[in-house]
Amino acid sequence: MLSDVDSSSSSDVRDQTSQWHGGLDFGLLVLRLVLGGTMAAHGLQKLFGAFDGPGISGFADALGGFGFTSQTTLLSWITALTELGGGLLLVVGLFTPIGAAGILGVAASIVAVKFGNGFFMGPQQGFEYELLIGAAALALLFTGSGRIAVDKNTPWRRKPMPFAILGLLIAAAASVVVLVVFR
């Protein structure tokens with residue numbers, strides 16, 4: 001009798017990550033597309049001046065206005081490539097923890113730089129936009145890509161927590177390095 005209970009409960013407790021959950025998976029797809037597309041466009045603005053962006057030299061000058069004094073051109077390249085690469089990874093749903101960690105690291109650095117200027121956008125350059133970007137990246141880091149992604153059969157989608165913690169640590173370390181080395 002006990003074995004019947006064990007066998008029936010074990011068949012009910014299948015790998016929950018392979019089950020389809022349309023609402024959740026669609027919501028994660030929308031979040032990935034919007035966040036990834038937005039950040040990829042920001043990266044293109046910085047790299048090539050696309051969408052009326054500043055290009056590398058213009059962004060390097062803008063970084064100087066935020067108190068960055070060392071190697072602003074190098075930091076411009078790093079930021080632009082991280083935004084473009086991380087955004088594209090999120091759009092496709094490939095290596096989602098890496099893409100989300102990259103975007104989280106960029107957003108965290110900007111929030112730290114703008115923190116004393118007030119919360120809302122305006123003449124003092126608030127940080128609410130970057131906080132929202134970072135929160136969305138953090139959510140994707142911990143939820144994973146969902147089933148509508150290239151990542152659907154990867155270990156980091158089936159068990160996202162260890163990869164999320166690693167990504168969070170990498171994003172935090174990258175932010176600290178940027179703020180200490182370049183500022």
Practice item. Kindly check whether there is at least one residue in the stretch 112-120 that is open to solvent by less than 30 Å² (accessible area, probe 1.4 Å) and under 23 Å from Ser57 (Cα atoms). Key: yes
**Study point:** Among the candidates Leu166, Leu138, residue that is open to solvent by 50 Å² or more (accessible area, probe 1.4 Å), at pLDDT 95 or above and closer than 18 Å to Leu24 by Cβ
**Key:** Leu138
**Study point:** Out of Leu44, Leu89, Leu63, Leu75, sole residue that is over 27 Å from Asn117 (Cα atoms) and of a type outside the set (Asp, Glu)
**Key:** Leu89
Check your understanding: Out of Gly116, Gly126, Gly167, Gly105, which single residue is of a type in the set (Gly, Ala, Ser) and not in a helix (DSSP H, G or I)?
Key -> Gly126
Exercise for review: Give me a count of the residues in the stretch 81-137 that are in contact with a Gly (Cβ under 9 Å, 6 or more places away or on another chain), farther than 20 Å from Phe66 by Cα and of a type in the set (A, V, I, L, M, F, W, C).
Suggested key: 10
Exercise for review: List every residue pair whose Cβ atoms lie under 8 Å apart, where the two residues are 6 or more positions apart in sequence or sit on different chains, the first residue falls within the stretch 134-155 and is in contact (Cβ under 8 Å) with a residue 60 or more places away in the chain, and the second residue, located anywhere, is basic (Lys, Arg) and open to solvent by less than 20 Å² (accessible area, probe 1.4 Å).
Suggested key: Leu140/Arg32; Ser145/Arg32; Gly146/Arg32; Ala149/Arg32
Study note, to complete from the structure: Of the residues in the stretch 32-67, those that are open to solvent by 60 Å² or more (accessible area, probe 1.4 Å) and in a helix (DSSP H, G or I) come to Leu33, Val34, Phe48, Phe51, Asp52, Ser57, Asp61, Gly65
Study note, to complete from the structure: The number of residues in the stretch 80-106 that are surrounded by 24 or more Cβ atoms within 10 Å (Cβ to Cβ) and among the β-branched types (Val, Ile, Thr) is 3
Review point. When you go through Ser109, Ser76 one by one, which is the residue that is buried (at least 16 other Cβ atoms within 10 Å of the Cβ) and under 17 Å from the mean Cα position of the chain (by Cα)?
Key: Ser109
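The values are calculated or read from the model by the stated rules, or taken from the named source; none is laboratory data. Just so we're clear, the structure is a prediction, and the values are computed from it rather than from any experiment. Ideal geometry is used to build each Cβ from the backbone, glycine not excepted, and the neighbour counts take in all protein chains shown. Keep in mind that these areas ignore ligands, DNA and RNA; they rest on the heavy atoms of the full protein, side chains included. Shrake-Rupley method; radii C 1.70, N 1.55, O 1.52, S 1.80 Å.
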